[in-house]
Amino acid sequence: MMESIRSYGLSRLAGIKIDTDELRRRLLMPQYLRLAMLDSITKKDVDGGDQHFPSSGSADVPCPESPMIVFINPRSGGRNGPLLKERLQKLISEEQVLDLEDVKPHEFVRYGLACIEKWANDGDFCAKEIRQNIRIVVAGGDGTVGWVLGCLGELNQNGREPVPPVAIIPLGTGNDLSRSFGWGGSYPFTWKSGIKKALHRASVGPVSNLDSWHVVVQMPGGEVADPPHSLKAAEECSLDKTLEIEGDLPDKVNYYEGVFYNYFSIGMDAKVAYGFHHFRNEKPHLAQGPLANKIIYSGYSCSQGWFLTTCTSDPSLRGLKNILKMHVKKVNSTEWEQIPVPKSVRAVVALNLHNYGSGRNPWGNLKPKYLEKRGFVEARSDDGLLEIFGLKEGWHASFVMTELISAKHIAQAASIRMEIRGGEWKEAFMQMDGEPWKQPICNDYSTFVEINRVPFQSVLVNGE
């Protein structure tokens with residue numbers, strides 16, 4: 001139990017007593033606003049909760065100092081997800097704890113939060129204060145956190161500010177976003193007061209900015225089967241016209257787009273993740289927590305041929321160099337530059353944070369002389385740059401993940417264009433923030449992946 005608490009980001013609060021009634025007073029929204037918000041979401045109508053607003057106004061209604069909405073993914077955290085949901089609902093209220101099986105983040109943004117905004121604009125004092133001070137807690141893994149952040153990004157696009165800061169209760173396998181912002185690598189379910197301390201820190205913690213990255217996939221016809229939450233079909237998305245496309249384009253082109261916050265990758269690591277996710281969905285009773293998940297994940301790393309490539313694979317299939325061409329815009333540059341893909345690399349990762357693969361730092365802590373020699377700058381999560389590195393065979397990846405060596409440094413980039421053409425390959429595996437998919441590719445026409453920074457930064461609460 002103590003080891004679990006130490007791995008959680010709030011261990012330094014272990015000796016501090018949080019008064020339950022005082023915490024609830026600071027978080028609990030007035031009943032009429034809770035019910036109005038929930039009815040608007042249920043009816044998918046901003047006006048759906050009008051009947052709950054008091055005709056005499058809300059000037060005498062006490063407003064919470066730190067109003068809070070919690071999104072919880074009950075599939076995360078093994079068997080403990082439903083238990084945590086029950087604890088949260090008792091501590092705050094049922095209406096302020098939203099199960100992602102029932103309420104999607106975009107529904108909260110478009111209807112629930114919009115309902116509060118409407119009444120704030122109509123002069124409701126409490127609604128105005130809540131809209132100004134509201135914070136979000138996400139109980140889930142990196143994919144769940146990214147899903148919520150992406151939906152909150154609509155607020156920036158539509159001029160609906162301020163955007164609520166997001167805190168994290170880590171329930172996933174890797175939890176790299178959580179680690180990066182001081183919320184730790186796992187939630188200690190046996191620590192009974194842990195939930196109170198998490199909500200307390202979420203309500204008072206300072207905020208930090210985080211870059212987010214827009215991904216466009218342009219593919220020749222066809223479609224992505226079972227795309228993740230982070231990847232959506234789009235009518236049309238234009239690639240940067242300053243980098244010309246060589247060769248012919250197909251008659252029909254399909255587009256997908258999405259946003260990531262931690263990393264995008266292509267290759268063997270995404271293939272392993274894809275196998276693991278399908279296994280977990282088919283046999284959820286075997287994936288009941290972070291430890292079990294990591295054991296299964298390790299098994300997939302071995303079974304997919306990452307460690308035995310030289311024995312089992314045709315030489316033409318071993319490296320991404322056979323199918324991948326990459327251009328980047330480097331720091332302080334507006335020109336595209338082609339970057340060679342090392343022939344031994346079997347996975348290419350574009351990383352935004354220092355944490356990858358359950359808290360590892362594959363980019364490494366590079367010395368100033370090396371940075372200067374390579375033309376790199378010190379990596380940060382809000383610097384407008386991605387660190388691109390490669391992983392070779394499984395043994396190399398293992399040494400990188402145990403931080404005995406750094407990954408194969410390829411480039412730092414403000415924009416990335418990847419061109420993938422099949423050769424003997426029929427598909428490539430990709431992932432964003434732990435959500436993988438199988439990308440169809442062909443030999444006749446190229447598939448393009450372009451990555452650019454989103455103009456608006458996300459806001460996260462620091463758990464440290």
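Rule-based calculations on the coordinates, nothing more; no lab input. Since the structure is predicted, the reported quantities are computational estimates derived from the model, not experimental observations. All Cβ positions, even for glycine, are placed from backbone atoms using ideal geometry, and neighbour counts span all protein chains on display.
Quick notes on this one:
- Shape category assigned to the stretch 111-245 from the gyration tensor of Cα positions, a/c cut at 1.5: oblate
- Lysines with Cα under 23 Å of residue 252, excluding same-chain neighbours fewer than 8 positions away: 232, 241, 325, 426, 438
- Whether the stretch 143-218 is rounded, prolate or oblate, judged on the alpha carbon gyration tensor where a/c under 1.5 counts as rounded: oblate
- Nearby lysines by direct alpha-carbon distance to residue 85 (threshold 21 angstrom, same-chain neighbours under 8 apart not counted): 104, 192, 196, 197
- Label-point separation in nm, residue 331 to residue 106, each point 7 Å along Cα→Cβ: 3.6 nm
- Charge tally for residue 433 (other residues, Cβ to Cβ under 11 Å; Lys, Arg +1; Asp, Glu -1): -3.
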